[in-house]
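One structure below.
The values are calculated or read from the model by the stated rules, or taken from the named source; none is laboratory data. Please read these numbers as outputs of a predicted model, since none were measured by experiment. Cβ placement follows ideal geometry from the backbone for every residue including glycine, while neighbour counts extend to all protein chains displayed.
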Amino acid sequence: MEKALFLDRDGIINVDKGYLYRSEDIEFIDGIFDLCLFANFKGYKIIVVTNQAGVDRGFYTEEDVQTLHKWMRVQFEMRGVELTDFFYCPHHPDFTGECGCRKPNPGMLLMAMTMYDIDASKSVMVGDKVSDMQAGKSAGVGLNIIVASQYADAKPDEADEIFSSVKEVYEFLKGRL
């Protein structure tokens, strides 16, 4: 079985500016390329799992999301990083009701695990919200890390590790993986 580094998108890969869908608005988080290069080197598949409620809210289309993800993949490839896949939930509970894919539900992670034969217990989830940690734990991910720079009220029981930056996550994982 494979192992994966699951990454939330907005707030972990790029600065969360709210409902991003245009490449010109993307600002990559400091340390994300180093983290991903290291994960690739250690044999981890890199899978992005992101809630994109802006689709249901009518702010942008699924085609916009897919176009942005294609552009992001190229940006990572130009830096030597192989992203395995992007999974996104276009739903918003106020419009479509509850779904199994919107974090904190584990649907996107479980789908990726099935598709890529991933061993959850050997995988890592990195997110910036408690809902990312809940999704990771529900999916059985072995290590759930929150980057709590914007969410300083994250409690130790909500994540296995709490750091204030993606660079700190990279330094921690270099000594652990």
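Couple of notes before you dig in:
- Members of segment 21-36 that are more than 14 Å from Thr84 (Cβ to Cβ) and either part of a helix (DSSP H, G or I) or touching a His at 6+ places or on another chain (Cβ under 6 Å) (or both): Ser23, Glu24, Asp25, Ile32, Phe33, Asp34, Leu35
- Among residues of segment 77-99 being aromatic (Phe, Trp, Tyr) and in contact with a strand residue (DSSP E or B) (Cβ under 8 Å, 6 or more places away or on another chain), the one that is farthest from Gly58 (Cα to Cα) is Phe86.
- Scanning segment 143-161 for residues that are modelled with pLDDT of 90 or more and either touching a Gly at 6+ places or on another chain (Cβ under 9 Å) or surrounded by 21 or more Cβ atoms within 10 Å (Cβ to Cβ) (or both) yields Leu143, Asn144, Ile145, Ile146, Val147, Ala159, Asp160.
- Taken over segment 68-82, the criterion of being of a type in the set (A, V, I, L, M, F, W, C), in contact (Cβ under 8 Å) with a residue 40 or more places away in the chain and farther than 12 Å from Leu37 by Cβ is satisfied by Leu68, Trp71, Met72.
- When segment 86-108 is limited to residues that are of a type in the set (D, E, K, R) and surrounded by fewer than 17 Cβ atoms within 10 Å (Cβ to Cβ), the one that is nearest to Arg22 (Cα to Cα) turns out to be Asp94.
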